[in-house]
Amino acid sequence: MTTKRSALAGRDVGAELAFLTRALKAPSLADAIPRLGERARAESWTHEEFLAACLQREVAARESHGGEGRIRAARFPARKALEEFDFDYQRSLKREQIAHLGTLDFIAAKQNVVFLGPPVIAG
């Protein structure tokens, strides 16, 4: 990040932005500010347009990395996906019904899903 001193405030804006983005835990924003700043100056963006572009960049980064971080934090022993499920092992399950549940349409419809059965430990 380039460091420029503000003539009016007498402070190091680059260092201040680095501190603030660390405090906000926004590393992608810290990386984006110099490029977005140059683009904003070149295209004569308003302050609001620049701020919106910065926040959009951070939100996009959090959305793309958020799920992965939560999965790592949960420390699951292995990652599983519906596509990997062995329907031959559990023949009583209907593949189409499970695939439909995988679309999560029941959430938007405000419906519940309950799985009943004995606990099974598969190897």
- [ ] Run down E58, E49, E83, E63 and say which single residue is among the charged types (D, E, K, R) and touching a Leu at 6+ places or on another chain (Cβ under 8 Å).
- [x] E58
TODO: Filter segment 32-83 down to residues that are out of contact with any helix residue (DSSP H, G or I) (no Cβ under 9 Å at 6 or more places or on another chain), aliphatic (A, V, I, L, M) and surrounded by 12 or more Cβ atoms within 10 Å (Cβ to Cβ), then give me how many there are.
DONE: 3
Task: Hey, R70 farther than 30 Å from V120 by Cβ and not polar (S, T, N, Q) or not - done: no
Open item on the list: under 25 Å from L20 (Cβ atoms) and touching a residue at least 12 places away in the same chain (Cβ under 8 Å): which single residue out of A42, A99, A52, A61 fits that description?
Closed with: A61
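Bear in mind these aren't lab numbers, they're just calculated from the coordinates by the rules spelled out. Since the model is a prediction, treat every value here as computed from it, not as a measurement. Here the Cβ is made from the backbone with ideal geometry for all residues, glycine too, and neighbour counts use every protein chain on show.
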